[in-house]
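Trainee: This is the structure I have questions about; it appears just below.
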Amino acid sequence: MRIAGYNLDPVIAIPGMAGAVLLVLLAAWPSATSWPEAPWFILLPHLTLLAAGVTGLCFTQTRIFFLSLFSSLGLFLLDRAAFARPDPHEANAIRLIASLILPPLAAILCRTQERGLGNTHGMARALPVLVAAGLVSLLPLIPDFRQAIESTLPPFLWTREGGLRIPGLSLLALLAALPFLWFKPQGESPRLGPLIALSVVFIFAAWNSPSSLFSPSSRRAALILFGMLGGTTLLLAVMETLWRHMNIDELTELPGRRRLKHHLRCLERNYVLAVVDIDHFKQINDTHGHPAGDQVLRYLASELRRHLHGTAYRYGGEEFVIIYEHQSYTTALNDLDDLRDAVSRKEFFLRGSDRPARKPRHPHHPVRVPSIHLTVSIGAAQPAAHFKTPQAVLEAADQALYQAKENGRNRVCHVT
């Protein structure tokens, strides 16, 4: 999806646009009075959050499980205090505490490594969630605490009247937590953080729906609809993570064999297939160890993403498959030869356990790092009279790869 010159990920853009549309509709449509009265409508956000939490627990996404439970608790308490049996002082206290706790809680859960629930790490993760749930449930019941909140002047807790009535401290907490949520943690899906960040924004909007932006008749509808959108986004985060585990190679972060098979089934007439193999890869593993081999695979994957105009897949071991669609055979072969040349010209330096992640500006002493001269052999083929199916073309490209190996390696061979 491309908007105003920027590439947008549809998995992230669609929930974001849905939230923007919902915001405009609720602000412009003040007649939404009868929706929240239906019992099934009031249950919708809790059902979506329950679905996200249970799915997250089943697929070892405890952060989604904890966030869903805490969000559902906040929605229930706020709906009861603000609409079911109105107590504006209690509702304000719940809104402040829940909105203040949720962003840093989500950031902490997202930046800690996922290790499941049934162990000491899972129990340690559950502790701050239980403390947060206790604060949201018990503090608003203390009269002195409610009175302290109501007597605090804006903008320390509340924005000024006439604007959005949102707890100012909570808004600062949300803005501070978003960068920790948005950027990709190591080993996680690059979409997981943004989706969780969007869900936190939606839940935050739901809890602060009693704002001057909405008419009194549509505020409960805003609470329910934004809560439902937050639960749906959390469920989407679980599904996206599951899809990534099934389709993306963890080591190289390239699409794996499952995605390759799907792409091959979708190919039509005009395409080129190529198989890329690292020369002497077994020797690299035997000499430098398997961690060094993993570094080489990650490096080649980065080169494939940087230099190719086709789509690269991890086929298995040290082999990669590249698919070119709607490009001439000559263009694809030139692109493959550019890749081969780029890999052979660079000297690959192994990263030791004591090597810093970034090169220091003023190193105290020179570090002697072992290097490897890498080359790749490539075989390519396109549909022809004697191999018409994608599988047959892939086998022909694999045969061309063996020819490149036999001819001395570090070359591109193709089926004519």
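The values are calculated or read from the model by the stated rules, or taken from the named source; none is laboratory data. Just so it is clear, the structure is predicted and the values come from calculations on it, not from any experiment. When we count neighbours, we look across all protein chains shown, and the Cβ atoms used for this are built from the backbone with ideal geometry, even at glycine.
Trainee: If only one of Arg265, Arg269, Arg306 is surrounded by fewer than 23 Cβ atoms within 10 Å (Cβ to Cβ), over 30 Å from Phe65 (Cα atoms), out of contact with any strand residue (DSSP E or B) (no Cβ under 9 Å at 6 or more places or on another chain) and modelled with pLDDT of 90 or more, which one is it?
Mentor: Answer to the check: Arg265.
Trainee: Ok, one more. Do you know which residues across region 333-347 are among the polar types (S, T, N, Q) and over 9 Å from Val376 (Cα atoms)?
Mentor: Listed by number, the list holds a single entry, Asn334.
Trainee: A follow-up question, please. Could you say whether any residue in region 367-376 is within 22 Å of Gly293 (Cβ to Cβ), at pLDDT 90 or above and of a type in the set (Val, Ile, Thr)?
Mentor: Yes, because at least one residue in region 367-376 is within 22 Å of Gly293 (Cβ to Cβ), at pLDDT 90 or above and of a type in the set (Val, Ile, Thr).
Trainee: Then there is this: Taking the criterion of being at pLDDT 85 or above, assigned by TED's automatic domain parsing to the domain that holds Ile42 and more than 30 Å from Trp40 (Cα to Cα), would at least one residue in region 164-173 satisfy it?
Mentor: Taking every residue of region 164-173 in turn, at least one turns out to be at pLDDT 85 or above, assigned by TED's automatic domain parsing to the domain that holds Ile42 and more than 30 Å from Trp40 (Cα to Cα).
Trainee: For region 285-301, give me each residue that is hydroxyl-bearing (Ser, Thr, Tyr) and touching a Leu at 6+ places or on another chain (Cβ under 9 Å).
Mentor: Across region 285-301, the qualifying residue is only Tyr299.
Trainee: Select from region 199-222 the residues that are over 13 Å from Ser99 (Cβ atoms) and assigned to a helix (DSSP H, G or I) and write down the one among them that is nearest to the chain's Cα centre (by Cα).
Mentor: Restricting to residues being over 13 Å from Ser99 (Cβ atoms) and assigned to a helix (DSSP H, G or I), the top hit is Ser199.
Trainee: Applying the selection to region 391-416, what residues are crowded, with 20+ Cβ neighbours inside 10 Å and under 35 Å from the mean Cα position of the chain (by Cα)?
Mentor: Answer for region 391-416, where residues must be crowded, with 20+ Cβ neighbours inside 10 Å and under 35 Å from the mean Cα position of the chain (by Cα): Val393, Leu394, Ala397.
Trainee: Kindly indicate the residue of region 223-246 that is at pLDDT below 90 and over 10 Å from Phe202 (Cα atoms) and also surrounded by the most Cβ atoms within 10 Å (Cβ to Cβ) among those meeting that condition.
Mentor: Filtering region 223-246 for residues that are at pLDDT below 90 and over 10 Å from Phe202 (Cα atoms), the one surrounded by the most Cβ atoms within 10 Å (Cβ to Cβ) comes out as Ile224.
Trainee: In this structure, is Leu96 in contact with a strand residue (DSSP E or B) (Cβ under 6 Å, 6 or more places away or on another chain), crowded, with 24+ Cβ neighbours inside 10 Å and part of a helix (DSSP H, G or I)?
Mentor: yes
Trainee: Please give the helices (runs of 4 or more DSSP H) falling wholly within region 244-357 in which 1 or more residues are touching a residue at least 60 places away in the same chain (Cβ under 8 Å), hydrophobic (A, V, I, L, M, F, W, C) and closer than 22 Å to Ser371 by Cα.
Mentor: 281-288, 290-307, 329-345
Trainee: Being loosely packed, with under 15 Cβ neighbours inside 10 Å, in the same structural domain as Val201 (by TED's automatic domain parsing) and of a type in the set (D, E, K, R): is that true of Glu150 here?
Mentor: So Glu150 fits the description; yes.
Trainee: Right, something else. Restricting to region 174-214, name every residue that is among the hydroxyl-bearing types (Ser, Thr, Tyr) and modelled with pLDDT of 85 or more.
Mentor: Matches in region 174-214: Ser199 only.
Trainee: For the structure I just gave you, tell me whether Gly116 is in contact with a Ser or Thr (Cβ under 6 Å, 6 or more places away or on another chain) and surrounded by fewer than 16 Cβ atoms within 10 Å (Cβ to Cβ).
Mentor: Criteria met by Gly116.
Trainee: Given the criteria surrounded by 15 or more Cβ atoms within 10 Å (Cβ to Cβ), among the small types (Gly, Ala, Ser) and in contact with a Gly (Cβ under 7 Å, 6 or more places away or on another chain), does Ala274 qualify?
Mentor: yes
Trainee: Among the residues in region 86-106, are any under 19 Å from Asn208 (Cα atoms), of a type in the set (Asp, Glu) and at pLDDT below 85?
Mentor: yes
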